[in-house]
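A short reminder: the numbers here are calculations on the coordinates, not readings from a lab. These figures come from a predicted structure and were not determined experimentally. Reconstructed Cβ throughout: ideal geometry from the backbone, glycine too, with neighbour counts over all protein chains shown.
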Amino acid sequence: MPLLYRYLISLCAFGAVSSATDLTGNWVVSQDMNDGTFRRTYFNLRQEGTAITGSIRVTQFFYKIASSTGGPDGFTIVGSMMDGKNERKVTYEGKLVGDELHIGTRRGATLNEMVAQRAPEGEGAMPARIEPPQLHKVADNSLARTPPMGWNSWNKFAGRVTGDDVRGMADAMASNGMKAAGYVYINIDDTWEGERDAQGNITSNKKFPDMKALADYVHSKGLKLGIYSSPGPNTCAGYEGTYAHEEQDARTWAAWGIDYLKYDWCGARNLYTDDEMQAVYQKMGDALRAAGRPIVFSLCQYGRADVWKWGPDVGGNLWRTTGDIRDAWDSMTRIGFEQSDLAPYARPGHWNDPDMLEIGNGGMNENEYRTHMSLWSILAAPLLAGNDLRSVPPAILEILTFREVIAVRQDRDGKQGSRVSKNGDLEVWSRPLAGGAVAVGLFNRSAAEASISVQWADVGVRKPSHVRDLWLHKDLAVAPDGAGFLATVPPHGVVMLRAE
């Protein structure tokens with residue numbers, strides 16, 4: 001069903017255009033987001049004979065029209081943009097109806113039609129490019145000495161999250177055992193943003209009427225509040241970004257009491273290349289350091305530009321190493337089991353981030369969620385739950401709060417684990433721990449039960465005196481010769497050991 005749109009622009013305000021005969025003009029569609037903000041899509045079109053040129057700006061994307069067919073009675077335009085090394089395209093169909101442009105995208109046989117009206121020339125244009133700063137090292141903020149633990153709104157709520165939801169998550173985390181297990185951050189992802197005031201200060205929208213009061217509430221629970229933004233003019237969801245307001249926004253967040261920033265590349269790709277990414281993130285790293293409040297800095301740019309090599313230099317405490325995770329076995333395993341080569345880049349205060357947890361969102365079974373938790377712990381990855389904490393089944397809560405597995409992840413030496421061996425769908429991973437111990441994961445990625453063995457020498461243990469099955473919460477007998485260990489592992493499951 002087509003979305004309902006509220007049209008903000010009156011033709012008489014800009015001078016009505018009657019009897020229009022071509023598509024030339026700046027056209028805007030304004031979608032009421034029901035939170036006090038509007039998402040605007042701009043079609044800046046130029047018709048020259050049978051050719052239509054110009055640009056399309058929608059959410060964080062800015063397309064140049066690469067090809068077209070037709071005219072006012074019916075046309076198709078194809079927009080193109082480069083996203084790193086990949087081309088992204090979008091196709092719109094439309095026609096001129098009086099003084100309105102009826103335009104939309106097609107899904108199968110259905111055209112999702114919107115009505116655009118004329119806007120002043122220049123409205124919706126990309127802002128002028130600000131040259132990125134010269135590179136330098138941002139001082140370490142001494143935060144996140146172990147990988148952050150908490151909750152993020154996106155996986156479960158996406159754009160539906162509200163301030164009341166955040167309060168509910170804080171209540172649940174403080175009382176259900178998660179806080180006691182080490183979870184502390186309550187992080188708001190995209191769609192909290194409002195418009196800027198007359199002085200350029202960012203405001204929150206109607207879903208979050210008082211961000212400082214919300215931070216105070218979260219702090220009263222002994223927890224910390226995180227927020228989201230983008231170095232581009234717009235965020236991923238099309239809300240107000242931080243571009244050209246980095247220092248100002250950092251001061252605002254500090255005044256609100258924000259403790260964590262997730263900074264998502266998104267719209268910045270319209271103004272900067274991947275080669276300039278480090279300098280763009282450095283700008284926010286400097287702004288956070290000058291804001292007067294300790295704020296964990298989370299870089300979200302999908303593993304592009306070898307971020308693990310320069311993330312610490314821009315003040316980053318963690319950096320995304322992959323694209324977005326989904327609540328599905330294929331997505332989780334594709335992401336998680338590709339992290340081995342990045343182990344040398346993790347250390348206290350600076351972590352590889354293979355994205356948030358999907359545990360409890362319903363797309364995987366308990367064996368698969370234990371694999372998710374075990375692998376992220378061996379990877380020394382941040383643990384940011386993405387489910388609704390107000391209604392967690394006991395089995396899922398047990399997985400999220402299992403102390404012996406979390407202890408591996410929070411090991412004080414901060415060394416990331418890596419793959420030891422791979423035999424088809426059977427893998428052995430290990431992680432060195434403080435005091436000479438080692439964590440071992442025997443992972444069965446197949447759909448049938450399987451036996452997996454490990455030789456202690458292969459994981460750096462000469463002859464263990466103590467072996468413990470962490471998920472079973474029990475000590476195991478050690479073979480007298482200390483040669484190795486054999487386990488039966490369920491389908492899509494894991495046996496996780498600690499040996500010393």
Pop the C-beta distance of GLU121 and THR21 into the FRET formula with R0 = 25 Å and round what comes out to the nearest 0.05.
-> 0.85
Exposure proxy check: ASP264, ASP388, ASP324 ranked by fewest other beta carbons within 10 Å?
-> ASP324, ASP388, ASP264
Amide H neighbours of GLU358 under 5 Å, at least 5 residues apart or on other chains, H built in the peptide plane: list them.
-> none
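What percent does the relative contact order of segment 149-409 come to when contacts are Cα pairs within less than 8 Å and at least six residues apart?
Details: 497 pairs, mean separation 45.0, N = 261.
Relative contact order here is 17 percent.
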Which aspartates and glutamates, on any chain, are close to LYS137 with Cα under 16 Å apart, when same-chain ones fewer than 8 places away are left out?
-> GLU276, ASP286, ASP313
Contour excess over end-to-end distance, with Cα ends at ARG88 and VAL478 and 0.36 nm allotted per residue = 134.8 nm
Extension length gain for ALA51 and ALA395 (0.36 nm per residue less Cα distance), in nm, is 117.8 nm
Within the chain, what's the longest run with no trypsin sites (Lys or Arg not before Pro) in a DSSP loop and at most 15 other beta-carbon atoms within 10 Å? Give the range, please.
-> 207-411
Got the relative contact order for segment 418-499 handy, in percent, Cα pairs under 8 Å and 6 or more residues apart?
-> 34
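Just for segment 81-212, what percent of DSSP beta bridges are antiparallel, to the closest 5? Write down the numbers at each step before the final one.
Values: 17 of 20 bridges.
Restricted to segment 81-212, the bridges split so that about 85 percent are antiparallel.
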Alpha carbon centre of segment 163-226 versus segment 111-135: separation in Å?
-> 30
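Per-residue ellipticity at 222 nm for the chain, helices alone: DSSP H runs ≥ 4 residues times -39500 (n - 2.57), over residue total, nearest 500 deg cm²/dmol? If you can, show how the numbers build up before the last one.
On the way: 12 runs with 99 residues, N = 500.
Estimated from H runs of four or more residues: -5500 deg cm²/dmol.
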Would you mind counting up the charge near ALA66? Only other residues with Cβ under 12 Å from its Cβ, with Lys and Arg at +1 and Asp and Glu at -1.
-> +2
In nm, the gap between the two label points placed 7 Å beyond Cα toward Cβ at GLN455 and ALA158 is 5.0
Stretch HIS102-THR59 to full length: gain in nm at 0.36 nm per residue minus the Cα-Cα span?
-> 13.6 nm
Work out the FRET efficiency for ALA66 and ASN201 from their Cβ-Cβ distance, taking R0 = 22 Å, and round it to the nearest 0.05.
-> 0.05
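Can you give the % of DSSP beta bridges in segment 187-303 that are antiparallel, to the nearest 5? Intermediate results must be reported in sequence, preceding the final value.
Numbers: 3 of 13 bridges.
Of all bridge pairs located within segment 187-303, approximately 25 percent are antiparallel.
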Give, as a single signed number, the net charge of other residues whose beta carbon lies under 15 Å from the beta carbon of PRO133, with Lys and Arg counted +1 and Asp and Glu -1.
-> -3
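Normalised radius of gyration for segment 11-118, please: alpha carbon Rg relative to 2.2 N^0.38 Å, two decimal places. All intermediate terms of the calculation are to be shown ahead of the outcome.
Working: Rg = 14.0 Å, N = 108, 2.2 N^0.38 = 13.0 Å.
Working it through for segment 11-118, the quotient is 1.08.
Tally Lys and Arg at +1 and Asp and Glu at -1 over the other residues with C-beta under 12 Å from the C-beta of TYR369: what net charge comes out?
Details: positive: ARG370; negative: ASP327, GLU358, GLU366, GLU368, GLU398.
So the environment of TYR369 carries a net charge of -4.
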What are the principal axis extents of the Cα atoms in segment 211-334, in Å, biggest first?
-> 39, 35, 28
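Do the alpha carbons of any pairs in LYS207/LYS283; LYS85/LYS309; LYS179/LYS474; LYS85/LYS283 sit beyond 31 Å of each other, and which pairs? Can you show the working numbers first?
Values: LYS207/LYS283 29 Å; LYS85/LYS309 20 Å; LYS179/LYS474 24 Å; LYS85/LYS283 24 Å.
Check vs 31 Å cut-off fails for no pair.
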In terms of Cα to Cα distance under 17 Å, which lysines are near enough to LYS89, apart from those fewer than 8 places away along the same chain?
-> LYS64
Between (1) 93, 48, 45; (2) 62, 57, 49; (3) 60, 58, 46, which matches Cα extents along the principal axes in Å calculated for the structure shown?
-> (1)
Using only alpha carbon positions, build the gyration tensor of segment 149-409, then give the equivalent ellipsoid semi-axes as the square roots of 5 times its eigenvalues, largest first, whole angstrom.
-> 27, 23, 16
Straight distance only, please: which lysines reach the Cα of LYS463 with their own Cα at less than 16 Å, same-chain residues fewer than 8 apart left out?
-> none
For segment 394-408, just list the computed ³J(HN,Hα) in residue order, Karplus coefficients 6.51, -1.76 and 1.60, θ = phi - 60°, integers in Hz, with x standing in for Gly and Pro.
-> x, 5, 6, 4, 4, 4, 5, 10, 5, 4, 5, 6, 4, 4, 5
